[in-house]
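Following: one structure in structure tokens, then a few remarks.
The values are calculated or read from the model by the stated rules, or taken from the named source; none is laboratory data. These numbers come from a predicted model, not from an experiment. Please note: Cβ atoms are built from the backbone with ideal geometry, for glycine as well, and neighbour counts cover all protein chains shown. Heavy atoms of the whole protein, side chains included, go into the accessibility calculation; ligands, DNA and RNA do not. Shrake-Rupley method; radii C 1.70, N 1.55, O 1.52, S 1.80 Å.
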Amino acid sequence: MTPSFEQTSPDAKPVFLVERDEAVAVARKLKNDPRWQMDFCSCVTAVDYLKEDYIEVVYHLYSVALKHGPVVLKIRAPRDLAQCEVPSLTPVWRGCEFQEREAYDLFGVRFTGHPDLRRILMWDEFKDHPLRKDYIPPQDYEWEPTPHGEVLTRAKAQGGTIPPSAVVEVKK
Amino acid sequence: MSTAGVIETQTLEVSIGPQHPSTHGVFRMNVTLDGEVVVKLKPVMGYLHRNHEQLAEKMPWIASMPYTDRLDYFCSMSNNWAYALAVEKLAGITVPERAEYIRVIMAELTRLQNHASAIGFLLSDCGAWFTPVLYAFRERERILDFFEAVSGSRMMCNYCRFGGVRVDLNEQTLAMARGIVERFPPFLDEFEKLMTENEVLMARTQRVGILPKALAIDASISGPMARASGVEYDIRKVDKYGVYDRFDFLVPVGETGDVYDRYMIRILEMRQAVKILQQALRDIPAGPCQNPAVKFRNFKIPAGDGYGRIESPKGELGFYLVADATGKNPYRYHVRPPSFINLTVLEDMCLGHKVADVVVILGSVDIVLGEVDR
């Protein structure tokens, strides 16, 4: 197992770009190897690279025992929601638990092996993942269809997705 | 089947919050109770979620600076510094020495007022209803007055700029800061006389909510909470950002990791902060407070990503920033909020304790919902 090494940052620090199936093994290696001892997983987040068509999950690791760091661990997954999946590192570092839930909530990255993968910041009924670069916010969050005649027919005519109040007629 | 002598019991689910004074804001805990004992606890957050990160990605770099004030609204000065530090690291900007000293002064004063109110609120949660908070707020008021005199705002300071700070300290404001620092140790002595050996406080907090050292490291717990559990880790010492390597101060470390230790750690950290402030106010050099080479209009950053972090009063506050080829806005802007991550172990600390202890344990974590939810 040799992680590919890539320097992508002006910060001089080791950045490991690892394959998805190697991620857990690399993480365990970094945590348990006496020369690294990366026991503190500080920051977990994801970045949506729309043009390059992948989502990158970024882990910043530090060592409390040896007081060095950071080592950056990057894992890439395709943007397509059905395949957007990376192995969870929560079994390796407990500190990833909430942060991976946040990345799932805001980016739609599914962390396989996560003990409790639910939305954390958005509400449970929310459908989309708002930090994706192609996310389009609804024009009116508080709009709900009402059973009152005209409004309902207009809403139905528009497929019930756009609030009628938000539709502005454009004169030509 | 005979079940003589056995009373069948049922667990009870209670939702504490989101509008409850003991949850320090709009935070909710779904607690499962067996009698009065907690058997399960699930934190629910997001009630104050504003998608801070997306807002920042749509604005120029500098425009997010006032918004970082709203993360942890107790510590806007340290939030500003963390963001400025991350951008400076990414763009390779140097900061004049005087500005570094001013930042240290502001960050340590922030630590003083944050810890003072945190332990005040903790005692409120223990049942010492509002008297300790008022003692703490009396001192906090002086620090906020100082912030207002310097930055024009008490809490939303918007003070740091890339490559320096917005307003220089003059003789009057420096004298004001010296006055605060002089008065602070007597306040601490008075506060400790009232509280530290208080029997009720000891009974309510000792051996309550113990966080073992190994779990604290594994669960990425940072700041006073980790140090109370015996993790000797302070970013001011490890990273030596700013000019922290020039000051002589100690990192207090706890032993048991219970609520009482978290209370004591904050008292001891305030004493060390006073020590740093005395040295910083003594040694502050003359010179500019802003690097003149940094442009504000059309400010751009070369493509790349970087992570900057500081020891904020609540723990490790970090900013992960990605700049793309245009470099005008952050392509990605992520906040690593200490109080959000410190909540990971809330359930572990509360299991087996009474529901009244949950309130105390949560108070000892010291959360601010502006930062938890962002």
- Query: For the stretch B:20-51, what are the residues that are away from chain A (no Cβ under 14 Å), surrounded by fewer than 17 Cβ atoms within 10 Å (Cβ to Cβ) and either within 17 Å of B:Glu371 (Cα to Cα) or hydrophobic (A, V, I, L, M, F, W, C) (or both)?
  - Reply: B:Val37, B:Val39
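Looking only at the stretch B:282-289, decide whether some residue is surrounded by fewer than 21 Cβ atoms within 10 Å (Cβ to Cβ) and closer than 15 Å to B:Met106 by Cβ. Talk me through it step by step, then tell me what you get.
Quick first cut of the stretch B:282-289, residues surrounded by fewer than 21 Cβ atoms within 10 Å (Cβ to Cβ) only: B:282-288.
Among the residues that remain, those that are also closer than 15 Å to B:Met106 by Cβ are: B:284.
There is at least one residue in the stretch B:282-289 that is surrounded by fewer than 21 Cβ atoms within 10 Å (Cβ to Cβ) and closer than 15 Å to B:Met106 by Cβ.
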- Query: How many residues does the stretch B:300-320 hold that are away from chain A (no Cβ under 12 Å) and buried (at least 16 other Cβ atoms within 10 Å of the Cβ)?
  - Reply: 5
- Provide a single number: the residues in the stretch B:321-346 that are at pLDDT 90 or above and open to solvent by 10 Å² or more (accessible area, probe 1.4 Å). 1
- Looking at A:Val26, A:Val57, A:Val72, A:Val86, which is the one that is open to solvent by less than 10 Å² (accessible area, probe 1.4 Å), farther than 15 Å from A:Phe111 by Cα and away from chain B (no Cβ under 11 Å)? A:Val26
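Look through B:Phe137, B:Phe147 and report the one residue that is assigned to a helix (DSSP H, G or I), in contact with a Leu (Cβ under 8 Å, 6 or more places away or on another chain), away from chain A (no Cβ under 14 Å) and among the aromatic types (Phe, Trp, Tyr). Break it down into steps so the answer makes sense when it comes.
Details: B:Phe137 fails: in contact with a Leu (Cβ under 8 Å, 6 or more places away or on another chain).
Just a single option satisfies the conditions, and that option is B:Phe147.
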- Item | Subset of the stretch B:203-261 [within 20 Å of the chain's Cα centre (by Cα), away from chain A (no Cβ under 14 Å), part of a helix (DSSP H, G or I) and of a type outside the set (A, V, I, L, M, F, W, C)] | B:Pro224, B:Tyr244, B:Tyr260, B:Asp261
- Query: Any chance the stretch B:333-340 includes a residue that's over 16 Å from the mean Cα position of the chain (by Cα) and away from chain A (no Cβ under 14 Å)?
  - Reply: no
- Message: Kindly evaluate B:Ser124 against the criterion of being in a helix (DSSP H, G or I), away from chain A (no Cβ under 14 Å) and of a type in the set (S, T, N, Q).
- Response: yes
